[in-house]
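Below is one structure, written out as C-alpha coordinates; the observations come after it.
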Ligand code: MN
(Lines give C-alpha, C1' and ligand atoms only; values in the text may rest on other atoms or scores of the structure.)
Protein backbone atom coordinates (compact mmCIF):
# COMPACT_ATOMS: atom_id res chain seq x y z
CA UNK A 1 0.00 0.00 0.00
CA UNK A 2 1.41 3.44 -0.86
CA UNK A 3 2.49 5.50 2.11
CA UNK A 4 0.09 8.32 1.42
CA UNK A 5 -2.95 6.14 1.91
CA UNK A 6 -1.29 5.02 5.16
CA UNK A 7 -1.57 8.63 6.27
CA UNK A 8 -5.28 8.59 5.44
CA UNK A 9 -5.60 5.33 7.36
CA UNK A 10 -3.96 6.93 10.38
CA UNK A 11 -6.32 9.90 10.20
CA UNK A 12 -9.27 7.47 10.12
CA UNK A 13 -7.97 5.48 13.08
CA UNK A 14 -7.28 8.59 15.16
CA UNK A 15 -10.65 10.13 14.29
CA UNK A 16 -12.48 6.98 15.40
CA UNK A 17 -10.34 6.51 18.49
CA UNK A 18 -10.75 10.09 19.74
CA UNK A 19 -14.44 10.17 18.81
CA UNK A 20 -16.48 11.84 21.55
CA UNK A 21 -13.44 13.47 23.21
CA UNK A 22 -13.26 17.25 23.36
CA UNK A 23 -10.39 19.68 23.74
CA UNK A 24 -10.47 22.47 26.31
CA UNK A 25 -11.30 24.77 23.39
CA UNK A 26 -14.57 22.85 22.95
CA UNK A 27 -13.53 21.46 19.58
CA UNK A 28 -13.49 17.73 18.82
CA UNK A 29 -10.17 16.25 20.01
CA UNK A 30 -9.11 15.17 16.51
CA UNK A 31 -8.45 18.83 15.65
CA UNK A 32 -5.25 18.57 17.72
CA UNK A 33 -3.64 15.50 16.07
CA UNK A 34 -4.59 16.92 12.66
CA UNK A 35 -2.91 20.22 13.53
CA UNK A 36 0.22 18.30 14.60
CA UNK A 37 0.08 16.47 11.27
CA UNK A 38 -0.04 19.78 9.42
CA UNK A 39 2.91 21.20 11.34
CA UNK A 40 4.99 18.10 10.63
CA UNK A 41 4.08 18.32 6.94
CA UNK A 42 5.17 21.95 6.90
CA UNK A 43 8.49 20.81 8.34
CA UNK A 44 8.79 18.31 5.46
CA UNK A 45 9.00 15.37 7.82
CA UNK A 46 8.94 11.80 6.53
CA UNK A 47 5.70 9.79 6.39
CA UNK A 48 6.44 7.67 9.47
CA UNK A 49 6.84 10.82 11.56
CA UNK A 50 3.64 12.31 10.18
CA UNK A 51 1.71 9.10 10.90
CA UNK A 52 3.14 8.94 14.42
CA UNK A 53 2.17 12.60 14.85
CA UNK A 54 -1.44 11.79 13.92
CA UNK A 55 -1.48 8.91 16.39
CA UNK A 56 0.62 10.52 19.14
CA UNK A 57 -2.17 10.76 21.73
CA UNK A 58 -4.02 7.54 20.92
CA UNK A 59 -2.10 5.14 23.15
CA UNK A 60 -2.28 7.46 26.14
CA UNK A 61 -5.89 8.63 25.75
CA UNK A 62 -7.83 5.97 23.82
CA UNK A 63 -8.25 2.19 23.56
CA UNK A 64 -5.71 1.93 20.74
CA UNK A 65 -2.66 -0.08 21.80
CA UNK A 66 0.94 0.03 20.62
CA UNK A 67 0.40 -3.47 19.25
CA UNK A 68 -2.49 -2.24 17.10
CA UNK A 69 -0.26 0.51 15.72
CA UNK A 70 2.64 -1.83 15.07
CA UNK A 71 0.37 -4.26 13.18
CA UNK A 72 -1.20 -1.58 11.05
CA UNK A 73 1.69 0.85 10.53
CA UNK A 74 4.85 -1.06 11.31
CA UNK A 75 7.56 -1.03 13.93
CA UNK A 76 8.96 2.45 13.26
CA UNK A 77 5.65 4.26 13.71
CA UNK A 78 4.92 2.26 16.87
CA UNK A 79 8.38 3.13 18.20
CA UNK A 80 7.83 6.83 17.59
CA UNK A 81 4.39 6.86 19.22
CA UNK A 82 5.82 4.97 22.18
CA UNK A 83 8.63 7.50 22.46
CA UNK A 84 6.24 10.47 22.50
CA UNK A 85 4.01 8.76 25.07
CA UNK A 86 6.99 8.02 27.30
CA UNK A 87 8.31 11.54 26.95
CA UNK A 88 4.95 12.85 28.15
CA UNK A 89 5.11 10.62 31.18
CA UNK A 90 8.73 11.48 31.71
CA UNK A 91 7.87 15.11 32.18
CA UNK A 92 5.35 14.33 34.85
CA UNK A 93 7.10 12.09 37.33
CA UNK A 94 8.49 9.32 35.17
CA UNK A 95 7.45 6.29 37.16
CA UNK A 96 6.66 4.37 33.98
CA UNK A 97 10.11 4.28 32.53
CA UNK A 98 11.53 2.06 35.23
CA UNK A 99 11.50 -0.95 32.97
CA UNK A 100 13.58 1.01 30.53
CA UNK A 101 16.66 1.50 32.67
CA UNK A 102 16.11 -0.09 36.05
CA UNK A 103 19.60 0.54 37.40
CA UNK A 104 19.47 4.31 37.34
CA UNK A 105 17.11 6.61 39.12
CA UNK A 106 18.06 9.57 36.99
CA UNK A 107 14.87 10.74 35.36
CA UNK A 108 16.33 13.26 32.97
CA UNK A 109 18.76 10.72 31.68
CA UNK A 110 15.92 8.32 31.10
CA UNK A 111 14.08 11.01 29.29
CA UNK A 112 17.00 11.47 26.95
CA UNK A 113 17.48 7.76 26.48
CA UNK A 114 13.83 7.27 25.73
CA UNK A 115 14.00 9.90 23.04
CA UNK A 116 17.63 9.79 22.00
CA UNK A 117 17.19 6.64 19.98
CA UNK A 118 15.20 8.55 17.45
CA UNK A 119 15.31 12.30 17.34
CA UNK A 120 12.03 12.37 15.43
CA UNK A 121 10.34 11.74 18.79
CA UNK A 122 11.55 15.15 19.94
CA UNK A 123 10.34 16.74 16.71
CA UNK A 124 6.83 15.29 17.16
CA UNK A 125 6.85 16.49 20.75
CA UNK A 126 7.78 19.98 19.59
CA UNK A 127 4.95 20.01 17.04
CA UNK A 128 2.59 18.83 19.80
CA UNK A 129 3.74 21.58 22.15
CA UNK A 130 3.59 24.21 19.42
CA UNK A 131 -0.07 23.50 18.74
CA UNK A 132 -0.89 23.39 22.44
CA UNK A 133 0.73 26.82 22.79
CA UNK A 134 -1.19 28.18 19.83
CA UNK A 135 -4.43 27.18 21.55
CA UNK A 136 -3.36 28.07 25.08
CA UNK A 137 -6.05 30.74 25.49
CA UNK A 138 -8.59 27.98 26.19
CA UNK A 139 -6.90 27.04 29.48
CA UNK A 140 -7.30 28.71 32.88
CA UNK A 141 -4.63 31.38 33.58
CA UNK A 142 -2.65 29.36 36.13
CA UNK A 143 -2.30 26.49 33.68
CA UNK A 144 -1.42 28.89 30.89
CA UNK A 145 1.44 30.26 32.95
CA UNK A 146 2.66 26.81 33.93
CA UNK A 147 2.75 25.56 30.35
CA UNK A 148 4.25 28.81 29.10
CA UNK A 149 7.01 28.57 31.76
CA UNK A 150 7.83 24.98 30.86
CA UNK A 151 7.83 25.82 27.17
CA UNK A 152 10.26 28.66 27.72
CA UNK A 153 12.50 26.58 30.01
CA UNK A 154 12.55 23.25 28.21
CA UNK A 155 11.02 23.36 24.75
CA UNK A 156 12.54 26.60 23.47
CA UNK A 157 16.09 25.43 24.35
CA UNK A 158 15.26 22.08 22.79
CA UNK A 159 14.16 23.76 19.55
CA UNK A 160 17.36 25.79 19.71
CA UNK A 161 19.48 22.66 20.11
CA UNK A 162 17.70 21.18 17.11
CA UNK A 163 18.46 24.51 15.45
CA UNK A 164 14.81 25.04 14.59
CA UNK A 165 15.05 28.81 14.82
CA UNK A 166 11.58 29.62 13.62
CA UNK A 167 10.00 27.21 16.09
CA UNK A 168 12.13 28.48 18.95
CA UNK A 169 11.04 32.04 18.24
CA UNK A 170 7.36 31.10 18.09
CA UNK A 171 7.61 29.17 21.36
CA UNK A 172 9.41 32.06 23.04
CA UNK A 173 7.06 34.74 21.76
CA UNK A 174 3.89 32.88 22.67
CA UNK A 175 5.16 31.80 26.09
CA UNK A 176 6.42 35.25 26.94
CA UNK A 177 3.11 36.82 25.92
CA UNK A 178 1.33 34.59 28.46
CA UNK A 179 3.94 34.93 31.17
CA UNK A 180 4.26 38.71 31.06
CA UNK A 181 1.53 40.21 28.86
CA UNK A 182 2.19 43.77 30.00
CA UNK A 183 5.88 43.72 29.21
CA UNK A 184 5.19 41.96 25.93
CA UNK A 185 2.82 44.70 24.73
CA UNK A 186 5.18 47.41 25.94
CA UNK A 187 8.11 46.03 23.97
CA UNK A 188 5.97 45.36 20.94
CA UNK A 189 4.95 48.99 20.85
CA UNK A 190 8.52 50.15 21.36
CA UNK A 191 9.73 47.99 18.47
CA UNK A 192 6.99 49.21 16.16
CA UNK A 193 7.82 52.84 16.91
CA UNK A 194 11.49 52.25 16.23
CA UNK A 195 10.72 50.47 13.02
CA UNK A 196 8.48 53.23 11.77
CA UNK A 197 11.09 55.85 12.50
CA UNK A 198 13.83 53.89 10.72
CA UNK A 199 11.73 52.84 7.76
CA UNK A 200 12.93 55.34 5.19
CA UNK A 201 16.60 55.10 6.15
CA UNK A 202 16.43 51.34 6.00
CA UNK A 203 14.92 51.40 2.55
CA UNK A 204 17.74 53.70 1.40
CA UNK A 205 20.35 51.32 2.76
CA UNK A 206 18.69 48.29 1.21
CA UNK A 207 18.40 50.06 -2.15
CA UNK A 208 22.07 51.04 -2.14
CA UNK A 209 23.17 47.45 -1.48
CA UNK A 210 20.78 46.02 -4.05
CA UNK A 211 22.03 48.41 -6.72
CA UNK A 212 25.60 47.40 -6.08
CA UNK A 213 24.81 43.67 -6.09
CA UNK A 214 22.96 44.05 -9.40
CA UNK A 215 25.88 45.92 -10.91
CA UNK A 216 28.16 43.04 -9.85
CA UNK A 217 25.69 40.49 -11.32
CA UNK A 218 25.22 38.82 -7.96
CA UNK A 219 21.99 36.90 -7.54
CA UNK A 220 20.38 37.53 -4.16
CA UNK A 221 17.21 37.49 -2.12
CA UNK A 222 16.67 40.12 0.51
CA UNK A 223 14.31 40.30 3.43
CA UNK A 224 14.12 42.31 6.62
CA UNK A 225 14.05 40.85 10.06
CA UNK A 226 12.87 42.40 13.29
CA UNK A 227 14.25 41.02 16.51
CA UNK A 228 11.74 38.92 18.39
CA UNK A 229 10.12 40.50 21.45
CA UNK A 230 11.48 37.89 23.82
CA UNK A 231 15.07 38.18 22.64
CA UNK A 232 14.75 41.95 22.84
CA UNK A 233 13.53 41.55 26.42
CA UNK A 234 16.58 39.43 27.23
CA UNK A 235 18.97 41.80 25.50
CA UNK A 236 17.55 44.90 27.21
CA UNK A 237 18.17 43.27 30.56
CA UNK A 238 21.85 43.03 29.56
CA UNK A 239 22.04 46.65 28.40
CA UNK A 240 20.43 48.57 31.26
CA UNK A 241 17.17 48.73 29.31
CA UNK A 242 18.84 51.03 26.80
CA UNK A 243 17.33 50.17 23.42
CA UNK A 244 19.87 52.34 21.61
CA UNK A 245 22.49 49.74 22.46
CA UNK A 246 20.55 46.97 20.76
CA UNK A 247 22.13 47.15 17.32
CA UNK A 248 20.42 44.15 15.83
CA UNK A 249 16.85 45.26 16.47
CA UNK A 250 16.40 45.51 12.73
CA UNK A 251 18.41 43.41 10.32
CA UNK A 252 18.54 43.11 6.56
CA UNK A 253 19.18 39.60 5.41
CA UNK A 254 20.79 38.79 2.08
CA UNK A 255 20.67 35.24 0.79
CA UNK A 256 23.22 34.56 -1.94
CA UNK A 257 24.35 31.55 -3.95
CA UNK A 258 27.46 30.24 -2.27
CA UNK A 259 30.00 30.82 0.50
CA UNK A 260 32.38 32.81 -1.71
CA UNK A 261 29.58 35.20 -2.66
CA UNK A 262 28.78 35.65 1.04
CA UNK A 263 32.25 37.10 1.65
CA UNK A 264 32.09 39.12 -1.56
CA UNK A 265 28.77 40.60 -0.45
CA UNK A 266 30.25 41.45 2.94
CA UNK A 267 33.05 43.35 1.18
CA UNK A 268 30.57 45.23 -1.00
CA UNK A 269 28.47 46.26 2.00
CA UNK A 270 31.58 47.51 3.79
CA UNK A 271 32.54 49.48 0.68
CA UNK A 272 29.23 51.35 1.02
CA UNK A 273 28.88 51.75 4.79
CA UNK A 274 31.26 52.07 7.69
CA UNK A 275 31.27 48.85 9.75
CA UNK A 276 31.15 49.24 13.52
CA UNK A 277 34.22 47.99 15.30
CA UNK A 278 33.98 44.50 16.71
CA UNK A 279 30.62 43.90 15.12
CA UNK A 280 31.65 41.64 12.23
CA UNK A 281 30.82 38.07 13.13
CA UNK A 282 31.81 35.23 10.87
CA UNK A 283 29.60 32.35 11.86
CA UNK A 284 30.33 30.69 8.52
CA UNK A 285 33.93 29.96 9.41
CA UNK A 286 32.99 29.56 13.08
CA UNK A 287 29.41 28.27 13.37
CA UNK A 288 27.52 28.83 16.61
CA UNK A 289 27.30 25.94 19.03
CA UNK A 290 23.96 24.87 17.60
CA UNK A 291 25.34 24.87 14.05
CA UNK A 292 24.04 28.28 12.99
CA UNK A 293 25.92 29.75 10.04
CA UNK A 294 25.81 33.28 8.66
CA UNK A 295 27.94 36.44 8.47
CA UNK A 296 26.73 39.37 10.57
CA UNK A 297 27.96 42.90 10.35
CA UNK A 298 26.63 46.11 11.88
CA UNK A 299 27.17 49.29 9.88
CA UNK A 300 26.32 52.97 10.11
CA UNK A 301 24.71 54.38 7.00
CA UNK A 302 25.19 57.96 5.74
CA UNK A 303 21.74 58.75 7.25
CA UNK A 304 23.24 57.78 10.63
CA UNK A 305 21.14 54.66 10.81
CA UNK A 306 22.61 51.59 12.52
CA UNK A 307 21.76 48.47 10.52
CA UNK A 308 22.75 44.87 10.97
CA UNK A 309 23.29 42.85 7.79
CA UNK A 310 23.10 39.06 7.77
CA UNK A 311 24.56 37.22 4.80
CA UNK A 312 24.11 33.52 4.16
CA UNK A 313 23.37 30.85 1.56
CA UNK A 314 19.95 29.29 1.04
CA UNK A 315 21.06 26.08 2.77
CA UNK A 316 22.31 28.01 5.78
CA UNK A 317 19.04 29.90 5.84
CA UNK A 318 16.98 26.71 5.77
CA UNK A 319 19.04 25.24 8.60
CA UNK A 320 18.71 28.41 10.64
CA UNK A 321 14.95 28.42 10.24
CA UNK A 322 14.10 24.75 10.25
CA UNK A 323 17.25 23.10 11.55
CA UNK A 324 17.05 19.43 12.12
CA UNK A 325 13.78 19.20 10.23
CA UNK A 326 15.62 20.55 7.20
CA UNK A 327 17.99 17.60 7.26
CA UNK A 328 15.08 15.34 6.52
CA UNK A 329 14.42 17.50 3.52
CA UNK A 330 17.99 17.74 2.34
CA UNK A 331 18.76 14.07 2.29
CA UNK A 332 22.20 12.85 3.14
CA UNK A 333 23.52 12.77 -0.39
CA UNK A 334 22.43 16.28 -1.13
CA UNK A 335 24.01 17.40 2.09
CA UNK A 336 27.29 15.78 1.14
CA UNK A 337 27.28 17.32 -2.31
CA UNK A 338 26.44 20.73 -0.87
CA UNK A 339 29.47 20.20 1.36
CA UNK A 340 31.87 19.19 -1.40
CA UNK A 341 30.62 21.92 -3.71
CA UNK A 342 31.29 24.47 -1.01
CA UNK A 343 27.72 25.66 -0.67
CA UNK A 344 28.00 24.97 3.02
CA UNK A 345 31.39 25.16 4.60
CA UNK A 346 31.02 22.11 6.83
CA UNK A 347 28.47 19.54 7.82
CA UNK A 348 26.10 21.04 10.34
CA UNK A 349 27.59 20.58 13.76
CA UNK A 350 24.17 20.59 15.36
CA UNK A 351 23.87 16.99 14.26
CA UNK A 352 26.85 15.96 16.34
CA UNK A 353 25.24 16.10 19.77
CA UNK A 354 22.34 14.00 18.56
CA UNK A 355 24.75 11.45 17.18
CA UNK A 356 26.51 11.49 20.54
CA UNK A 357 23.22 11.08 22.37
CA UNK A 358 22.21 8.13 20.27
CA UNK A 359 25.58 6.46 20.63
CA UNK A 360 25.31 6.88 24.38
CA UNK A 361 21.81 5.44 24.35
CA UNK A 362 23.10 2.40 22.51
CA UNK A 363 25.96 2.00 24.99
CA UNK A 364 23.62 2.19 27.95
CA UNK A 365 21.25 -0.27 26.37
CA UNK A 366 24.08 -2.77 25.99
CA UNK A 367 25.15 -2.28 29.61
CA UNK A 368 28.27 -0.21 29.00
CA UNK A 369 29.21 2.57 31.38
CA UNK A 370 28.99 6.14 30.08
CA UNK A 371 29.79 9.59 31.32
CA UNK A 372 26.27 10.78 31.98
CA UNK A 373 27.39 14.17 33.27
CA UNK A 374 28.72 15.13 29.89
CA UNK A 375 25.52 14.02 28.24
CA UNK A 376 23.34 16.24 30.33
CA UNK A 377 25.56 19.25 29.87
CA UNK A 378 25.21 19.06 26.12
CA UNK A 379 21.50 19.54 26.13
CA UNK A 380 20.84 21.86 29.04
CA UNK A 381 24.08 23.69 29.66
CA UNK A 382 22.68 26.36 31.97
CA UNK A 383 20.25 24.26 33.97
CA UNK A 384 20.26 21.58 36.58
CA UNK A 385 17.49 19.10 37.22
CA UNK A 386 16.80 17.94 40.76
CA UNK A 387 14.04 15.88 42.29
CA UNK A 388 11.53 16.18 45.06
CA UNK A 389 11.41 13.12 47.35
CA UNK A 390 8.34 12.10 45.35
CA UNK A 391 10.31 12.08 42.10
CA UNK A 392 8.99 15.25 40.48
CA UNK A 393 11.55 16.98 38.31
CA UNK A 394 12.37 20.57 39.22
CA UNK A 395 14.65 22.50 36.92
CA UNK A 396 16.76 25.28 38.39
CA UNK A 397 19.44 27.60 37.07
CA UNK A 398 22.98 26.33 37.45
CA UNK A 399 24.53 27.17 40.87
CA UNK A 400 21.19 26.93 42.69
CA UNK A 401 21.13 26.08 46.40
CA UNK A 402 18.46 24.55 48.66
CA UNK A 403 16.66 27.88 49.19
CA UNK A 404 16.27 28.29 45.43
CA UNK A 405 14.61 24.91 45.37
CA UNK A 406 12.41 25.78 48.37
CA UNK A 407 11.24 29.08 46.86
CA UNK A 408 10.58 27.34 43.57
CA UNK A 409 8.19 24.94 45.31
CA UNK A 410 6.36 27.71 47.16
CA UNK A 411 7.28 31.05 48.71
CA UNK A 412 5.95 29.83 52.09
CA UNK A 413 8.19 26.77 51.95
CA UNK A 414 11.05 29.17 51.27
CA UNK A 415 10.10 31.52 54.09
CA UNK A 416 9.77 28.81 56.74
CA UNK A 417 12.79 26.75 55.64
CA UNK A 418 15.02 25.69 58.53
CA UNK A 419 17.14 23.06 56.84
CA UNK A 420 17.73 20.93 53.77
CA UNK A 421 18.34 17.25 53.17
CA UNK A 422 20.15 16.39 49.95
CA UNK A 423 20.40 12.75 48.95
CA UNK A 424 19.47 11.73 52.49
CA UNK A 425 22.03 13.95 54.25
CA UNK A 426 21.43 17.16 56.16
CA UNK A 427 23.35 19.96 54.42
CA UNK A 428 23.94 23.66 55.02
CA UNK A 429 21.88 26.15 53.06
CA UNK A 430 24.84 27.33 50.99
CA UNK A 431 25.39 23.90 49.45
CA UNK A 432 25.36 23.95 45.64
CA UNK A 433 22.86 21.54 44.14
CA UNK A 434 23.82 19.18 41.35
CA UNK A 435 22.01 17.36 38.58
CA UNK A 436 20.12 14.40 39.92
CA UNK A 437 20.10 15.46 43.60
CA UNK A 438 17.04 14.52 45.61
CA UNK A 439 16.20 17.54 47.72
CA UNK A 440 13.95 17.73 50.74
CA UNK A 441 13.22 20.95 52.59
CA UNK A 442 12.71 21.01 56.37
CA UNK A 443 10.29 23.73 57.46
CA UNK A 444 9.29 25.01 60.88
CA UNK A 445 6.01 26.78 61.35
CA UNK A 446 6.31 30.52 62.06
CA UNK A 447 10.01 30.51 61.21
CA UNK A 448 11.09 33.66 59.32
CA UNK A 449 13.57 34.39 56.52
CA UNK A 450 16.62 36.49 57.39
CA UNK A 451 18.84 38.90 55.41
CA UNK A 452 21.80 36.49 55.63
CA UNK A 453 19.94 34.30 53.17
CA UNK A 454 20.70 36.71 50.34
CA UNK A 455 24.10 35.00 50.01
CA UNK A 456 22.42 31.63 49.93
CA UNK A 457 20.22 32.04 46.88
CA UNK A 458 21.51 31.75 43.32
CA UNK A 459 18.36 32.17 41.26
CA UNK A 460 16.65 35.44 40.42
CA UNK A 461 13.29 33.92 41.24
CA UNK A 462 14.21 33.02 44.82
CA UNK A 463 16.04 36.31 45.32
CA UNK A 464 13.02 38.36 44.37
CA UNK A 465 10.67 36.31 46.55
CA UNK A 466 13.07 36.55 49.47
CA UNK A 467 13.55 40.30 49.03
CA UNK A 468 9.85 41.03 49.06
CA UNK A 469 9.48 38.96 52.22
CA UNK A 470 12.40 40.78 53.87
CA UNK A 471 10.88 44.13 52.91
CA UNK A 472 7.62 43.31 54.62
CA UNK A 473 9.40 41.93 57.71
CA UNK A 474 11.87 44.79 58.02
CA UNK A 475 10.39 48.02 56.62
CA UNK A 476 13.81 49.72 56.67
CA UNK A 477 15.50 46.92 54.84
CA UNK A 478 17.33 47.98 51.70
CA UNK A 479 19.21 45.79 49.29
CA UNK A 480 20.10 45.79 45.65
CA UNK A 481 17.60 43.61 43.86
CA UNK A 482 20.35 42.15 41.70
CA UNK A 483 22.87 39.57 42.79
CA UNK A 484 26.07 41.17 44.17
CA UNK A 485 28.35 40.18 41.25
CA UNK A 486 26.19 42.19 38.85
CA UNK A 487 26.12 45.28 41.04
CA UNK A 488 28.93 47.20 39.45
CA UNK A 489 27.33 47.02 36.02
CA UNK A 490 24.38 49.03 37.29
CA UNK A 491 24.49 52.79 37.31
MN1 LIG B 1 -0.87 16.02 22.06
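The values are calculated or read from the model by the stated rules, or taken from the named source; none is laboratory data. Quantities reported herein were computed from a predicted structural model and do not represent experimental measurements. In this analysis, Cβ positions are derived from the backbone assuming ideal geometry, glycine residues included, and neighbour counts consider all displayed protein chains.
For the structure I just gave you, tell me whether residue 32 is in the same structural domain as residue 119 (by TED's automatic domain parsing), within 13 Å of the ligand (Cβ to nearest atom), crowded, with 18+ Cβ neighbours inside 10 Å and in a loop (DSSP other than H, G, I, E, B).
On the way: in the same structural domain as residue 119 (by TED's automatic domain parsing): yes; within 13 Å of the ligand (Cβ to nearest atom): yes; crowded, with 18+ Cβ neighbours inside 10 Å: yes; in a loop (DSSP other than H, G, I, E, B): no.
Taking the combined requirement at face value, the residue does not satisfy it.
Look at the range 167-192 and say how many of its residues are more than 12 Å from residue 126 (Cα to Cα) and touching a helix residue (DSSP H, G or I) at 6+ places or on another chain (Cβ under 7 Å).
14
Only one of 48, 82 is away from the ligand (no atom under 16 Å from the Cβ) and surrounded by 14 or more Cβ atoms within 10 Å (Cβ to Cβ). Can you tell me which?
On the way: 82 fails: away from the ligand (no atom under 16 Å from the Cβ).
Being away from the ligand (no atom under 16 Å from the Cβ) and surrounded by 14 or more Cβ atoms within 10 Å (Cβ to Cβ) holds for just one of 48, 82, which is 48.
What are the residues in the range 459-486 that are under 29 Å from the mean Cα position of the chain (by Cα) and at pLDDT below 90, if any? Explain how you work it out, then say what you get.
Kept after step one, since they are under 29 Å from the mean Cα position of the chain (by Cα), are these residues of the range 459-486: 459-466, 481-486.
Selection gives 459, 460, 461, 481, 482, 483, 484, 485, 486.
Pairs please, first residue from the range 117-137 and within 10 Å of residue 52 (Cβ to Cβ), second anywhere and more than 12 Å from the ligand (Cβ to nearest atom), Cβ atoms under 6 Å, 6+ apart in sequence or on different chains.
Every condition considered, the pairs that remain are 120/49; 120/80; 121/80; 121/83; 121/115.
If you check residue 215 against the conditions, is it in the same structural domain as residue 275 (by TED's automatic domain parsing), modelled with pLDDT of 90 or more and over 30 Å from the mean Cα position of the chain (by Cα)? Lay out the reasoning, then the answer.
Working: in the same structural domain as residue 275 (by TED's automatic domain parsing): yes; modelled with pLDDT of 90 or more: yes; over 30 Å from the mean Cα position of the chain (by Cα): yes.
Here the answer is yes, as residue 215 does meet what is asked.
Please work out if residue 264 is modelled with pLDDT of 95 or more, at negative phi and not assigned by TED's automatic domain parsing to the domain that holds residue 49.
Numbers: modelled with pLDDT of 95 or more: yes; at negative phi: yes; not assigned by TED's automatic domain parsing to the domain that holds residue 49: yes.
In short, yes.
Could you say whether any residue in the range 415-425 is touching a strand residue (DSSP E or B) at 6+ places or on another chain (Cβ under 6 Å), over 24 Å from residue 157 (Cα atoms) and modelled with pLDDT under 90? Spell out the reasoning first.
Looking only at the range 415-425, we keep the residues that are touching a strand residue (DSSP E or B) at 6+ places or on another chain (Cβ under 6 Å), and these are 416-423.
Going one step further and asking which of them are over 24 Å from residue 157 (Cα atoms), we end up with 416-423.
In the following step, the residues that additionally are modelled with pLDDT under 90 were identified as 423.
Yes, the range 415-425 contains at least one residue that is touching a strand residue (DSSP E or B) at 6+ places or on another chain (Cβ under 6 Å), over 24 Å from residue 157 (Cα atoms) and modelled with pLDDT under 90.
What residue, of 15, 65, 49, 85, is in the same structural domain as residue 126 (by TED's automatic domain parsing), under 16 Å from residue 127 (Cα atoms) and without any contact (Cβ under 8 Å) to a residue 60 or more places away in the chain? Working first, answer last.
Numbers: 15 fails: under 16 Å from residue 127 (Cα atoms); 65 fails: under 16 Å from residue 127 (Cα atoms); 49 fails: without any contact (Cβ under 8 Å) to a residue 60 or more places away in the chain.
That would be 85, the only listed residue that is in the same structural domain as residue 126 (by TED's automatic domain parsing), under 16 Å from residue 127 (Cα atoms) and without any contact (Cβ under 8 Å) to a residue 60 or more places away in the chain.
Going through the range 122-166 one residue at a time, which ones are under 21 Å from residue 232 (Cβ atoms) and within 16 Å of the ligand (Cβ to nearest atom)?
Listed by number, the residues that qualify are 133, 151, 155.
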